[in-house]
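Data block below; observations after.
The values are calculated or read from the model by the stated rules, or taken from the named source; none is laboratory data. For clarity, every value in this text was computed on a predicted model and none was experimentally measured. Here Cβ is always computed from backbone atoms with ideal geometry, including for glycine, and neighbour counts include all displayed protein chains.
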Amino acid sequence: MKKIIVPIDFSIHSEHALKTAALLAKKYKATVYALHMLDLQEISLTESEDNQHEKAIFFLKLAEKKFKDFLVKDFLEGVKLIPVIKQFKVFSEINDIAKELNADLIIMGSEGASGLKEFFVGSNTEKVVRFANLPVLVIKNEMVNADFSDIVVATDFSEESIPGFQRMLKTLDFLNAQKHILYVNLPNEEFKTTSEMEKMANNFLLKAEGDVHRMINVNYVCDRTVEKGILNFSNALGADLISVITHGRKGLSHIFAGSIAEDIANHSTLPIITIKI
């Protein structure tokens, strides 16, 4: 863990994310890139080039001043911090910036969403979870330490999720925490018996890691939805972090099929880390 990106929108939620990044940076000697995405689309294309240029400079200087003031935080003392301001057209461009910086992790703050706002609009955090090719850590509340000891690793034991599972384990290794692998059994046509679930887990771990040593840490729960199963198990366990593999669905497939990772990121009070297949 060498480079951490924290998108900053000057909200209390991005401050919580920045504090978490600072805690991890101090612990693992990482560099934090505080990223402000500056939207200059409000500059009218009907204006002259000179006026557009003047407005762009004005907004850029205003953002730089606000950004500089925002980054004056006691918890950043001793942290290698690099401020970055980028213009953007769509929020998915953060993935290009992460690739450019060769970052290891994105940390975002989120207050979640609900109802029509969640369905039709979503949030910047959801957009990053959907598009980012690197792990995204979603922080819901202010954290006083970065000592993750119990992590729930949710999986459906599908073959297509094996690369994501492998990446997730590699990503979480630096935390040196207990990993609790979780499968949620649903009361529908996909319902599995205990022996069927154990067989799935056994085959999955053999393909993913070449052995079944992690079988001792595999848990099975029954619930009405995958989201509820993950959240209920995590709360009962007293977990510090939930990790979820996401397909990063976009467009119509996202609207009709939804995304478990985004639903959990919206509704959990625990930190969530996602990795896209």
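Go through the stretch 149-177 and report how many residues are at negative phi and outside any helix (DSSP H, G or I).
10
Suppose we filter the stretch 210-227 for residues that are within 24 Å of the chain's Cα centre (by Cα) and free of Cβ contacts under 8 Å to residues at least 24 places away in the same chain; how many remain?
0
Provide a single number: the residues in the stretch 252-275 that are more than 27 Å from VAL144 (Cβ to Cβ) and modelled with pLDDT of 80 or more.
Number of matching residues: 0.
Does LYS207 satisfy the criteria of being modelled with pLDDT of 95 or more, outside any helix (DSSP H, G or I) and basic (Lys, Arg)?
Answer is no for this residue.
Could you say whether any residue in the stretch 94-102 is modelled with pLDDT under 80 and not basic (Lys, Arg)?
Within the stretch 94-102, not a single residue is modelled with pLDDT under 80 and not basic (Lys, Arg).
Every residue, every condition in (1) among the hydroxyl-bearing types (Ser, Thr, Tyr); (2) in contact (Cβ under 8 Å) with a residue 24 or more places away in the chain, yes or no:
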residue: VAL136; (1), (2): no, yes
residue: VAL144; (1), (2): no, no
residue: ASP150; (1), (2): no, yes
residue: THR155; (1), (2): yes, yes
residue: GLU160; (1), (2): no, yes
residue: LYS179; (1), (2): no, yes
residue: SER195; (1), (2): yes, no
residue: ASN202; (1), (2): no, no
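From (1) at pLDDT below 90; (2) at positive phi; (3) surrounded by 15 or more Cβ atoms within 10 Å (Cβ to Cβ), pick out the condition that doesn't hold for GLY115.
Every condition holds for GLY115 apart from (3).
Is the stretch 198-211 home to any residue that is surrounded by 14 or more Cβ atoms within 10 Å (Cβ to Cβ) and of a type in the set (Gly, Ala, Ser)?
yes
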